Amino acid sequence: MLPALLALALSATASTKLGVYVAGSAAPAPALLAGPGCPEVAVFPLPGDGAAAAQVPALRTACPQTVVAFQVGGTGSALSALVATQGTDWSQTWQPQLAAAGARSGDWVEGPTEISGGTATELANYWTQLATAVNNGGFHPVVGGLAPGAPPTVLLGDGGTEPVICETLRRMATAGIATWAWSQHALAATLDQSAQSAALTYRTIADQCAANGAPAGANIFLTQAGRTAGAWQTSDLTWLAWFDFQLAQDPAVLGAALFEAGGSDRSLAPIATQLEAYLQNPAPSDGGTDGGTDGGTDGGTPGGTTPGGNGAPGGLGTPPGASCATAGAGFAVLALLPPLLLARRRRRQGVKR
């Protein structure tokens with residue numbers, strides 16, 4: 001009986017937070033969007049090459065649980081330029097693009113990414129106004145779109161510093177928007193498996209902002225993830241499993257979109273077959289350091305979060321691990337089954353609509 005219960009427990013928790021950034025219609029985008037191994041999130045930059053109009057409906061049919069997100073406004077614009085056209089960008093440009101791509105109520109919409117210039121207050125003004133328009137349009141707004149690595153900081157009155165995005169997060173918490181997220185591009189020059197990996201910078205940002213009154217546990221999307229340069233290699237598969245394990249420790253992270261499918265820049269094509277298999281049967285690994293797929297033999301000290309929603313208690317921390325090897329293992333599995341099943345249901349039916 002115990003093996004059957006253990007199998008049920010594992011099936012209840014086996015999941016992934018890995019998704020894909022879909023830049024066009026070229027391979028391997030069609031295969032990665034067709035199931036049965038479904039990405040957790042699929043990010044479509046608009047206007048793109050127009051392929052999203054066919055890709056999005058097909059994805060919804062093959063993978064109805066996949067979170068669909070759209071990125072509008074491009075990358076690298078100066079804040080001053082965006083503010084100058086703010087009155088027309090949403091209504092005259094981005095809403096029509098979303099309609100043409102098949103966006104529907106409840107999808108996520110990320111605004112311009114890697115914005116340059118502007119003060120913390122100016123950025124907060126821009127993001128909250130855009131988020132309000134996105135929300136009023138029936139979508140869930142994603143603000144920030146932070147560049148990879150450590151973000152710009154602002155000096156505080158007490159002599160300390162905080163990431164510029166923190167003011168935006170504080171403002172979003174009082175903007176009257178029920179469901180929102182912030183985002184970063186989790187890209188790294190070296191795909192190392194360490195707590196200092198550049199792909200995990202979002203944890204430091206979240207901690208620093210929460211320490212200064214931003215909502216702890218606010219939803220996070222990593223709308224680009226993986227390499228900053230160079231082709232994907234089969235040797236990167238162990239990093240992907242490690243990264244997936246790290247994301248699993250952070251309930252605030254709703255998904256990480258691997259860059260990229262359907263385009264030629266850092267294409268996922270060299271590992272497409274293995275990635276499809278992983279999405280169908282995910283097995284996140286801690287790389288032998290955190291008590292993950294090693295059966296808990298080392299006890300582990302995984303970094304992770306305490307659960308929380310927008311404005312709810314919680315945050316990124318480093319809770320101690322615990323050994324899985326106990327004499328009462330059978331009773332432990334029995335005790336864990338209900339919450340594991342409930343957790344899976346909540347994860348699939350919660351904010352991700």
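The values are calculated or read from the model by the stated rules, or taken from the named source; none is laboratory data. Note that the structure is a prediction, hence the values are computed from the model and not measured. Backbone-built Cβ (ideal geometry, glycine too); neighbour counts: all protein chains shown. Keep in mind that these areas ignore ligands, DNA and RNA; they rest on the heavy atoms of the full protein, side chains included. Shrake-Rupley method; radii C 1.70, N 1.55, O 1.52, S 1.80 Å.
List every residue pair whose Cβ atoms sit under 9 Å apart, with the two residues 6 or more apart in sequence or on different chains, where the first one lies in region 143-162 and is of a type in the set (Asp, Glu) and the second, anywhere, is open to solvent by 40 Å² or more (accessible area, probe 1.4 Å) and not in a strand (DSSP E or B). Once the first residue is of a type in the set (Asp, Glu) and sits in region 143-162, its partners that are open to solvent by 40 Å² or more (accessible area, probe 1.4 Å) and not in a strand (DSSP E or B) give 162/156; 162/208; 162/211; 162/212. Restricting attention to region 258-277, the residues that are under 19 Å from residue 52 (Cα atoms) and either buried (at least 17 other Cβ atoms within 10 Å of the Cβ) or in contact with a Phe, Trp or Tyr (Cβ under 7 Å, 6 or more places away or on another chain) (or both) add up to 9.
Of the residues in region 224-253, how many are touching a Lys or Arg at 6+ places or on another chain (Cβ under 8 Å), open to solvent by 10 Å² or more (accessible area, probe 1.4 Å) and of a type in the set (A, V, I, L, M, F, W, C)? Matching residues across region 224-253 total 3.
Taking region 137-161 as the search range and keeping residues that are surrounded by 15 or more Cβ atoms within 10 Å (Cβ to Cβ) and of a type in the set (Gly, Ala, Ser), which one is nearest to residue 104 (Cα to Cα)? Residue satisfying both the conditions and the ranking: 137.
Annotation: residue 236 fulfils all but one of (1) modelled with pLDDT under 50; (2) touching a Gly at 6+ places or on another chain (Cβ under 9 Å); the unmet one is (1). Only one of the numbered conditions (1) modelled with pLDDT of 95 or more; (2) more than 12 Å from the chain's Cα centre (by Cα) is violated by residue 224, and that is (2).
Taken together, 179, 204 contain a single residue that is assigned to a loop (DSSP other than H, G, I, E, B), at pLDDT 95 or above and more than 13 Å from the chain's Cα centre (by Cα), which is 179.
Checking 164, 134 one by one, the residue that is surrounded by 18 or more Cβ atoms within 10 Å (Cβ to Cβ), at pLDDT 95 or above and within 12 Å of residue 109 (Cα to Cα) is 134 and no other. Restricting the first member to region 82-103 and to residues that are small (Gly, Ala, Ser) and at pLDDT below 95, and the second to residues that are assigned to a helix (DSSP H, G or I) and open to solvent by less than 60 Å² (accessible area, probe 1.4 Å), no beta-carbon pair is closer than 7 Å while six or more apart or on different chains. For region 151-162, the criterion of being in contact with a helix residue (DSSP H, G or I) (Cβ under 7 Å, 6 or more places away or on another chain) and within 18 Å of residue 200 (Cα to Cα) is satisfied by at least one residue. For beta carbons closer than 7 Å, sequence separation of 6+ or different chains, a first residue in region 213-240 that is closer than 21 Å to residue 183 by Cβ and a second that is in a loop (DSSP other than H, G, I, E, B) and open to solvent by less than 20 Å² (accessible area, probe 1.4 Å), the qualifying pairs are 217/252; 218/252; 219/180; 219/252; 220/252.
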